[in-house]
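Okay, so here's the structure we're looking at.
The values are calculated or read from the model by the stated rules, or taken from the named source; none is laboratory data. Given the structure is predicted, the values throughout are model-derived calculations rather than measurements. Note that we place each Cβ from the backbone using ideal geometry, even for glycine, and neighbour counts take in every protein chain shown.
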Amino acid sequence: MTEAVWTTLRLATVTTALLLLVATPLALWLARGRGWVREVVAAVTALPLVLPPTVLGFYLLLALAPGSPAMALLRPFGIESLAFTFAGLVIGSMIYSLPFAVQPIRNAFEAMGDAPWEAAATLRASPLDTLLNVALPLARRGLLSAGLLVFAHTVGEFGVVLMIGGAIPGRTDVVSTHMFQLVEASNTAQAGGLAAGLVAFSFLALVGVMLLDRRLGRVAG
């Protein structure tokens with residue numbers, strides 16, 4: 001069980017860090033972009049919210065398996081497959097949790113409007129300086145909320161990680177899949193303990209998001 005908890009925390013931490021780096025520029029473009037392409041990208045970004053996790057996991061398994069077009073691109077680097085690996089879990093978790101990162105950050109960028117960008121432009125600040133020193137600090141509420149939501153969502157993943165990870169002990173076995181194996185083995189006592197821990201964690205994560213949102217809202221006001 002200890003290995004599963006460690007793997008889960010490592011997966012959630014890596015996924016959160018990488019996803020914030022990917023989701024922030026994407027959310028900025030969705031907030032400030034124009035045209036029909038933006039709406040298509042927004043719909044694709046939100047797709048994991050409505051797709052069954054096993055369906056998403058199935059397609060990811062095909063994409064990460066040996067012989068797939070994606071793996072053909074990585075073969076010159078000595079990578080034959082990412083299925084049933086920790087790296088594969090990270091990729092799957094990032095895609096599955098993408099809406100939970102993009103939407104809060106996009107909302108934060110949209111809420112600040114054009115005024116900060118226009119004010120920075122009058123001071124001849126570069127777009128990068130404006131982003132780093134003006135926009136991101138103003139969007140910290142959305143960034144922190146996104147980080148908490150992604151971390152909590154990754155901890156609770158099941159369908160996607162089971163499909164692409166296979167619950168290999170010490171490598172891809174996380175808390176949710178470990179609990180499933182305990183139930184299959186009729187070990188309801190340990191499974192119940194893990195389930196209670198996940199419920200408590202999820203509750204505390206939601207309370208943390210709400211308190212953070214309220215606190216930063218007061219600061220902004």
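Structural remarks
- Yes/no for LEU49 being loosely packed, with under 13 Cβ neighbours inside 10 Å and within 15 Å of the chain's Cα centre (by Cα): yes
- Check on ALA108, among the small types (Gly, Ala, Ser), surrounded by fewer than 16 Cβ atoms within 10 Å (Cβ to Cβ) and touching a Leu at 6+ places or on another chain (Cβ under 9 Å): no
- Residue match in the stretch 28-35 (condition: surrounded by fewer than 18 Cβ atoms within 10 Å (Cβ to Cβ) and either among the basic types (Lys, Arg) or farther than 23 Å from MET112 by Cβ (or both)): yes
- Candidate set: the stretch 176-193, residues that are of a type outside the set (A, V, I, L, M, F, W, C) and loosely packed, with under 11 Cβ neighbours inside 10 Å; chosen: the one nearest to ALA4 (Cα to Cα): GLU184
- In the stretch 111-137, of all residues being among the charged types (D, E, K, R) and part of a helix (DSSP H, G or I), the one that is surrounded by the most Cβ atoms within 10 Å (Cβ to Cβ) corresponds to ASP129.
- Selection of first residues in the stretch 194-221 that are surrounded by 11 or more Cβ atoms within 10 Å (Cβ to Cβ) and of second residues that are outside any helix (DSSP H, G or I) and modelled with pLDDT under 80, restricted to Cβ pairs under 8 Å at least 6 apart or on distinct chains, gives the following pairs, ordered by first then second residue: LEU194/MET1.
- For LEU182, the stated conditions do not hold, so it cannot be described as out of contact with any Cys (no Cβ under 6 Å at 6 or more places or on another chain), in contact (Cβ under 8 Å) with a residue 40 or more places away in the chain and of a type outside the set (D, E, K, R).
- Condition met for LEU60 (surrounded by 13 or more Cβ atoms within 10 Å (Cβ to Cβ) and under 16 Å from the mean Cα position of the chain (by Cα)): yes
- Test result for THR8, modelled with pLDDT of 95 or more, closer than 30 Å to PRO169 by Cβ and surrounded by 13 or more Cβ atoms within 10 Å (Cβ to Cβ): no
- Of all residues in the stretch 143-175, exactly one satisfies the criterion of being surrounded by 20 or more Cβ atoms within 10 Å (Cβ to Cβ) and either without any contact (Cβ under 8 Å) to a residue 40 or more places away in the chain or aromatic (Phe, Trp, Tyr) (or both), namely PHE151.
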